[in-house]
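The values are calculated or read from the model by the stated rules, or taken from the named source; none is laboratory data. Every value quoted in this text rests on a predicted model; they were computed, and no experiment measured them. Cβ atoms come from the backbone with ideal geometry, glycine included; neighbour counts cover every protein chain shown.
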Amino acid sequence: MNSYKLLTPGPLTTTDTVKQVMLFDHCTWDDDYKQITQTIRRTLLALGHVSEPEYTAVLMQGSGTFGVESVLTSVIGREDKLLIAANGAYGLRMAEICRHAGIAYTLYEQDNHKRPQADVVAKYLAEDLAITHVSMVHGETTSGILNDVEAVGRVVKAAGKTFLVDAMSTFGGVDIPVAGWGIDFLVSSANKCIQGVPGFSFILANREKLEASAGQARSLALDLYDQWKTMNEDGKWRFTSPTHVVLAFAQALEELKEEGGVPARHARYDQNQRLLAENFRALGFVPYLDPAVQGPIITTFRYPAGARFTFQQMYEYIKARGYVLYPGKVMEAETFRVGNIGEIYPEDIAKLSAILADFLKEVAA
Ligand SMILES: *Cc1c(COP(=O)(O)O)cnc(C)c1O
């Protein structure tokens with residue numbers, strides 16, 4: 001099989017050194033392993049500019065959605081109600097989780113190309129006093145929009161509510177002062193901007209609020225408090241730990257530090273994204289979002305009107321030459337997406353652009 005680089009925002013292309021550490025079958029019960037877990041937890045808190053005892057970190061088996069479902073079904077009590085500010089599929093998925101679990105919620109649905117507005121959130125909170133929690137997505141991977149978590153966090157805190165944020169596709173690639181933005185529970189996962197492989201999600205939690213949720217989880221395996229209680233003792237995972245993924249993640253955190261931390265990674269992603277948008281625009285592909293709200297993770301492009309080729313043809317041509325694109329996900333327009341996180345550099349974007357230019361020449365001929 002020909003290999004290729006992923007321009008999909010998770011799983012993404014990782015370094016060889018991250019993949020290599022998975023060649024070791026580590027035992028889970030000894031101190032070395034538990035120390036790895038504890039170091040990861042401390043490092044994640046530091047990346048979020050928070051620390052014990054105000055905040056604590058929990059690792060949870062499964063993909064990112066498991067982490068979101070764990071938070072929603074564990075910290076929202078039977079008498080509580082959630083306001084979801086959504087502008088894409090991942091925001092809507094939170095509503096789906098609530099329907100499955102029987103959690104009371106209200107949905108503030110914004111267009112995919114616009115950010116949820118803090119003043120609208122404030123209005124919901126003023127008009128419905130039953131709302132106790134507010135949730136939103138930071139980087140909506142559906143479109144690539146970067147939402148204003150800080151502004152929404154301000155009104156959530158002013159109203160004294162609990163703030164839950166899906167920062168899946170941004171944490172590690174965009175600087176997030178967790179406490180500074182009023183975030184009580186932040187969820188992200190191993191295979192996004194930290195550049196690990198898929199297998200677990202992680203939660204940065206306001207410790208007092210986490211402890212207050214003891215005993216109210218609707219699920220056994222996704223019980224956030226119980227997972228934390230066991231892990232917090234000495235780094236032991238409650239059920240089988242994804243050992244290879246954990247080793248890869250520890251290595252990925254080291255490599256994030258070597259790169260220069262979140263600011264350096266953010267700068268690289270930002271440079272990738274700008275170059276991508278500029279080059280593709282020159283080739284006739286118009287970005288779906290206004291640059292003012294475009295995030296540095298993934299870009300949605302409008303499919304050119306009257307194009308003489310299908311997405312599938314373009315995809316296959318580019319894949320055969322070493323890069324894999326992502327289909328579109330926004331509802332109202334024909335689009336495709338290109339992610340630029342992972343082991344991707346401006347050279348890759350330049351190569352990709354040249355391949356696309358060749359493809360366009362071939363189909364025009
Ligand atoms: C990747 C992602 C998720 C989680 O998706 P999984 O497929 O469960 O890993 C959730 N929210 C956002 C914004 C994401 O980008």
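Between T56, T39, the distinction of being outside any helix (DSSP H, G or I), of a type in the set (S, T, N, Q) and touching a helix residue (DSSP H, G or I) at 6+ places or on another chain (Cβ under 8 Å) belongs to T56 only. Restricting to region 294-323, and then to whatever is aliphatic (A, V, I, L, M) and surrounded by 17 or more Cβ atoms within 10 Å (Cβ to Cβ), can you tell me which residue is nearest to K192 (Cα to Cα)? Applying the filter and picking the extreme gives I297.
Within region 85-96, being over 15 Å from the mean Cα position of the chain (by Cα) and surrounded by fewer than 22 Cβ atoms within 10 Å (Cβ to Cβ) holds for A95, E96. Applying a threshold of 7 Å to beta carbon distances and a minimum spacing of six or more residues, or different chains, the list of pairs starting in region 47-75 at a residue that is over 14 Å from L164 (Cβ atoms) and without any contact (Cβ under 8 Å) to a residue 24 or more places away in the chain and ending at one that is away from the ligand (no atom under 16 Å from the Cβ) and not basic (K, R) reads S51/L45.
Looking across region 293-324, just one residue is modelled with pLDDT under 95 and either in a strand (DSSP E or B) or within 16 Å of the ligand (Cβ to nearest atom) (or both), and that is R302. Taken together, the criteria exclude G160 from residues that are farther than 24 Å from G215 by Cα and not assigned by TED's automatic domain parsing to the domain that holds R302.
Within region 266-277, residues that are among the small types (G, A, S) have Cβ atoms under 8 Å from residues that are crowded, with 19+ Cβ neighbours inside 10 Å and outside any helix (DSSP H, G or I) in these pairs: A277/P287; A277/Q294; A277/T299, counting only partners at least 6 apart in sequence or on another chain. For G91, are the conditions met, namely being closer than 28 Å to F239 by Cβ and either in contact (Cβ under 8 Å) with a residue 60 or more places away in the chain or part of a helix (DSSP H, G or I) (or both)? No, not satisfied. Within region 229-249, no residue satisfies the criterion of being surrounded by fewer than 17 Cβ atoms within 10 Å (Cβ to Cβ) and either within 20 Å of the chain's Cα centre (by Cα) or not assigned by TED's automatic domain parsing to the domain that holds L59 (or both).
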